[in-house]
């Protein structure tokens, strides 16, 4: 601890990274390629396609990249160079090779030991790579990087959690998935249940404008301004050799087949009027109080207060603020049914976040909310991962709100302090009875006791966890030690950072 204190003092005295001042760049105009013109002849309104399972989500993500004729703008929080991450890079490189302008904006939280490839990508003639709110002192390890940058903890604590991909300014994907195997059902041990929207129509230029706002932010740094490595084209060639790692979930198509697929899916797409909810990125130092992203959080509270019948809350990490708890209580008092699905102690991949959530269980249930927690051994987990599934576990990563019978929010924001006050987030609020019905339909199995624990009060007023004939009076933890760790973290004053 003494070493850390001294390191923080010394590093805090070192010069901080300064925001960049670059010429403004804007998204390309909507493409006039024949593919998009044919789709506009079919549908000129806003259309919505639910990407409920990982295989479908990966297929359409790669299909969209393969369809690009002009531009691809991709913004994400986490990008792992596994099967999914490599497949996306591979398809982006092919798109860039045929002349497509590719802009990649990635948060720096998990870009450890990847600078060589990033610099190589950014030196492709048609690829630009920027890193949001970067660590000044680069390192090949997470722990060493944190130590080296301790003096800038307050700035680096604020992250860009947005996930958006826009193709040709004509179609876009928005939702919760990061670019890694576990978000698409391809991980060998543990996978997430997640959700996204593939959208087209008049909403897309608004998404492009939002991307531009982040791209031109003073805290979005070109990779070669923070990493002084020379581009190693061997790394770029290695990325190209990841050809077809995704063959279980995606088949490449010729132009005619691509067009036929798009026309078919757009004809079947659900109508709906979307509103873009997005935080404004920081203009000052991200650590400054004035930079705290609160816009989306306030809009979600207003959304809860507008409900008349029912609210479904799907949130991987649930640590309700006093404002959120108040909105839930107000909803219940006026007769609104509130059902919540979040992670259980075993399915939550951040135990500290679960420990903070457990302090709110009694208050939420006393206030009238119905609580459900995802089981790692959910019976229906094959819906969200490739077989064999017997030894694989399930966790929740989706961020979805269903309001009454007409509205759906799908985005990147959890209902926790980090999403609501610290990080930036994005999502779409779609008014559409058809999409609402579709989302309700695919979510309903997740609430069943074969897939989730139902939290209830017993005769003495104590919380119990119920799943079919299995009733537990304590959290269904993996071990006694996990319960001890959970108890310990629940007593630490760290909730406002979760």
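Results for (1) surrounded by fewer than 20 Cβ atoms within 10 Å (Cβ to Cβ); (2) touching a residue at least 12 places away in the same chain (Cβ under 8 Å); (3) touching a helix residue (DSSP H, G or I) at 6+ places or on another chain (Cβ under 9 Å); (4) farther than 27 Å from residue 208 by Cβ, shown as yes or no for each residue.
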site: 252; (1), (2), (3), (4): yes, yes, yes, no
site: 259; (1), (2), (3), (4): yes, yes, yes, no
site: 272; (1), (2), (3), (4): no, yes, yes, no
site: 281; (1), (2), (3), (4): no, yes, yes, no
site: 317; (1), (2), (3), (4): no, yes, yes, yes
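Do any helices (runs of 4 or more DSSP H) entirely within segment 25-99 hold 2 or more residues that are touching a strand residue (DSSP E or B) at 6+ places or on another chain (Cβ under 7 Å) and farther than 24 Å from residue 117 by Cβ, and if so, which? If you could, list the steps in order and put the result at the bottom.
Working: elements: 34-42, 54-67, 83-97.
The qualifying helices (runs of 4 or more DSSP H) are 54-67.
Taking the condition of being surrounded by fewer than 15 Cβ atoms within 10 Å (Cβ to Cβ) and not in a loop (DSSP other than H, G, I, E, B), how many residues in segment 445-465 meet it?
First pass over segment 445-465, keeping only residues surrounded by fewer than 15 Cβ atoms within 10 Å (Cβ to Cβ): 445, 450, 456-462.
Imposing the further condition that a residue be not in a loop (DSSP other than H, G, I, E, B) reduces the set to 445, 456-457.
Going through segment 445-465 one residue at a time, the tally reaches 3.
Does any residue of segment 171-179 turn out to be within 9 Å of the chain's Cα centre (by Cα), on the phi > 0 side of the Ramachandran plot and crowded, with 24+ Cβ neighbours inside 10 Å?
Yes, segment 171-179 contains at least one residue that is within 9 Å of the chain's Cα centre (by Cα), on the phi > 0 side of the Ramachandran plot and crowded, with 24+ Cβ neighbours inside 10 Å.
From the list 153, 143, 110, which one is surrounded by fewer than 19 Cβ atoms within 10 Å (Cβ to Cβ) and part of a loop (DSSP other than H, G, I, E, B)?
Numbers: 153 fails: part of a loop (DSSP other than H, G, I, E, B); 143 fails: part of a loop (DSSP other than H, G, I, E, B).
Answer to the selection: 110.
Among the residues in segment 116-138, are any more than 15 Å from the chain's Cα centre (by Cα) and on the phi > 0 side of the Ramachandran plot? Outline the logic, then answer.
Going residue by residue through segment 116-138, those that are more than 15 Å from the chain's Cα centre (by Cα) are 116-138.
Checking which are on the phi > 0 side of the Ramachandran plot leaves us with 133.
Yes, there is a match, as at least one residue in segment 116-138 is more than 15 Å from the chain's Cα centre (by Cα) and on the phi > 0 side of the Ramachandran plot.
Look at residue 309 and say whether it is in the same structural domain as residue 454 (by TED's automatic domain parsing) and within 25 Å of residue 48 (Cβ to Cβ).
Against the criterion (in the same structural domain as residue 454 (by TED's automatic domain parsing) and within 25 Å of residue 48 (Cβ to Cβ)), residue 309 qualifies.
Sort out which residues of segment 371-388 are surrounded by fewer than 18 Cβ atoms within 10 Å (Cβ to Cβ) and under 25 Å from the mean Cα position of the chain (by Cα), and write them in order of number.
Here is the first cut: in segment 371-388, the ones surrounded by fewer than 18 Cβ atoms within 10 Å (Cβ to Cβ) are 377, 379-380, 382, 387-388.
Scanning segment 371-388 gives 377, 379, 380, 382, 387.
Condition (residue is buried (at least 24 other Cβ atoms within 10 Å of the Cβ), touching a residue at least 24 places away in the same chain (Cβ under 8 Å) and not in a strand (DSSP E or B)) applied to segment 428-444: is it met by at least one residue?
Within segment 428-444, the subset buried (at least 24 other Cβ atoms within 10 Å of the Cβ) is 428, 430, 435, 439.
Next, from what is left, pick out any that are touching a residue at least 24 places away in the same chain (Cβ under 8 Å): 428, 430, 435, 439.
From the residues that got through so far, the ones that are not in a strand (DSSP E or B) too are 435, 439.
Checked against the condition, which is being buried (at least 24 other Cβ atoms within 10 Å of the Cβ), touching a residue at least 24 places away in the same chain (Cβ under 8 Å) and not in a strand (DSSP E or B), segment 428-444 yields at least one hit.
Could you check residue 47 against (1) more than 26 Å from residue 175 (Cβ to Cβ); (2) modelled with pLDDT of 95 or more and say which number it fails?
(1)
Being without any contact (Cβ under 8 Å) to a residue 60 or more places away in the chain and within 29 Å of residue 23 (Cβ to Cβ) is true for just one of 168, 107. Which residue is that? Explain how you work it out, then say what you get.
On the way: 168 fails: without any contact (Cβ under 8 Å) to a residue 60 or more places away in the chain.
Only one candidate passes the filter, namely 107.
The values are calculated or read from the model by the stated rules, or taken from the named source; none is laboratory data. Nothing here was measured: the structure is a model prediction, and the numbers come from that model. Every residue, glycine among them, receives a Cβ derived from its backbone with ideal geometry; neighbour counts consider all protein chains shown.
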